[in-house]
1. What are the semi-axes of the equivalent ellipsoid of the range A:6-135, taken as the square roots of 5 times the eigenvalues of the Cα gyration tensor, listed largest first and rounded to whole Å?
2. Along the charge dipole of chain B, Cβ charges K/R +1 and D/E -1, which of B:Gly4, B:Ser77, B:Leu108 sits furthest on the positive end?
3. Given just the C-alpha atoms of the range B:1-113, how large is their convex hull per residue in cubic angstrom?
4. Which value, to two decimals, describes the C-alpha radius of gyration of chain B once divided by 2.2 N^0.38 Å?
5. Could you work out how far the C-alpha centroid of the range A:1-37 sits from that of the range B:66-141, in angstrom?
6. Within 14 Å, Cβ to Cβ, of B:Ala36, how many net charges do the neighbouring residues add up to if Lys/Arg are +1 and Asp/Glu are -1?
7. In peptide B:178-187, what is the residue-averaged number of other protein chain Cβ atoms found within 10 Å of each Cβ?
8. Which is farthest toward the positive dipole end of the protein assembly as shown among A:Asn189, A:Cys327, A:Gly342, measuring Cα position about the Cα centre, with Cβ charges +1 (Lys, Arg) and -1 (Asp, Glu)?
Amino acid sequence: MLKLNPERKKEFLDLMARRGWDLLLFYGDTWRKDHFRCLVSVCFCGPQALAVLTKEGEVRAVVTHPWDVEPVKTATGGSVTYVPRLVEGLKNCVSESANVAINGLEQMEARFVRAVQEATGKTAASATADVEEIRRVKTQEELEWIRKAALLADRGYEQFVRVARAGMTEFELVAEVEGYLKAHGAEDNFMLVASGGTEVTAMKPPTARKLQVGDSVITELTPQINGYYAQICRTLVIGPPSEKQLESYAIFAEAQKAAQDLLRPGVDISDVARVQNDIFRKHGFGDYTGPQYTRVRGHNLGLYPDELPHVLENVHYTCKKDMVIICHPNTYLPLSGYMVFGDTLLVTDTGCVSLSQTERRLFQA
Amino acid sequence: MKRGLVTWDKGELPPEELASRLAVVHNVVRTKGLDALVLYSDVWRCNDARYLSNYMPYWNRAFVVVPRDEKPILLCSLSPRVYPWIKTVTVHETIVASPSPPASLFKLGAERGWKRLGICDLDGLPADLHAELTSGNTELVDISRAEVRHAPSKVEVQMHARAARMAREVLEKEISNAKAQTDHELTGQLELQLRRAGAEDVVDRHSLVLGQTDVYRRHKGKEQDWRRQRELNS
């Protein structure tokens, strides 16, 4: 199992050489473990963890829970220090006058950044954008984990369809799917849901609302395997779908296909958003492609379920081979309420392939 | 993460309880000579805001702002499309869409002539928000968490007791089947039962780091060793 990716480590060392950094710190907290896990693939259980990469290639770590010592030590092969309060460990892990950069600096508590600066006598640089750019293009081993996560997302959606029924609450439905995904190896799952008709304007955590015949039940499932997320978005109708639900679904499927047909190396991500929005415009629903009704037309995937770049018409980024992007034209339409549809796509040499195997249809329960 | 049932059961958490917590914060604002007090919230560090207004995000950052003698205002990075839902599970009547909570806070402060703000655990803010706030012209005062959140009330203790009861009941039911299960299967079963019982979140150390029961025991023993060592050191 990938624990300390030598390919990534080399890329980070090259980055340090280019920028003139002596030490590169990878700071993760419970929300943003990805900033740590992109170097050390351990799902730490303490509130924070920090890995230090020296320009000579040594890796050491500071953890804030004693249970993290052994797995992190096994992964890095270097020294691992346990401190109950991270600020204590920070002072000892950087040397005076060192040029330090921090991946995840923005998320770091201000007192931690100050501790680094007091120890070095210098202002720490942010490495977050540079590291994110490296992370966008996945290694072959990372792609294997994302494929496994995509497969689990498919199985999770099968379970969703299997158990959804009228009279069940949203939170009971989510419990069934979460339990299934965890039982089949997911570390985590980012999942939102909503149910109802044209009054539904967004997905959110599940409520105690009971599913009713005629409801659109929308969800995005995002299981995580060995740190890596894949996502699937589908819509299910309780009972027979109405003409309007079918009409709406056809627009979403056409928009997602437009994105998938376009996505390839060299394409500007703004165009991947534009071709999706153009389908809605063609059908007279262009007003429903803006922030009042939707968020993004997709996003990058990896160690974080909502990586940049976002797929938006005003975001410019040239797509590269081996990026993994979900394209989901999810939005509100007056036909059906909020509807979702999306697959995890891997950018190949000449186009892209879907890692999602779930049928492309409006599901029915 | 918190993606189970997020709700506001007013029988369990009466509005009067939240009102009494707000009164404590209002008192801090007055006695410290502040114009308002600000609490940070994100998907992980949500407890301060949750304590005050029952706001618990499933994603993103927010500030809960308590102006002197007014109801709390939510400066929220989530989409306005979910504000109707937020209003059903919190005390918030005013929610301001805030892609940048500090920018919204400064705008609000400028409109109201605020000059002195209290920030709960100022140095605990994420560094980018801290930098943005401290670069402004408003005087910032660090307010310790202990000043805002006092000893657990009877209501809180009852909620702890309910969570403990849920955990005990589910464990008692599931542990007898655990021998025949892999660690993933046991974790999945616990997750299923607890979320079905209405848990909004489940923290399962067993699934996060460890793989097997013997490893669990080994680590458990190690934690006790650490504690013993720390006692010796102190």
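1. Working: eigenvalues 73, 58, 37 Å².
Sorted largest first and rounded, they come to 19, 17, 14 Å.
2. B:Gly4
3. On the way: hull volume 10.9 nm³, N = 113.
In the range B:1-113, the Cα hull volume divided by residue count equals 96 Å³.
4. 1.19
5. So the separation of the two Cα centres works out to 33 Å.
6. Working: positive: B:Arg30, B:Lys32, B:Arg68, B:Lys71, B:Lys107, B:Arg112, B:Lys115, B:Arg116; negative: B:Asp35, B:Asp69, B:Glu70, B:Glu111, B:Glu139.
Neighbourhood net charge equals +3.
7. Working: counts 0, 0, 0, 1, 3, 2, 7, 5, 2, 6.
Mean shielding by partner chains, rounded to a whole number: 3.
8. A:Asn189
The numbers here are math on the coordinates, done by the rules we state, and not lab data. These numbers come from a predicted model, not from an experiment. When we count neighbours, we look across all protein chains shown, and the Cβ atoms used for this are built from the backbone with ideal geometry, even at glycine.
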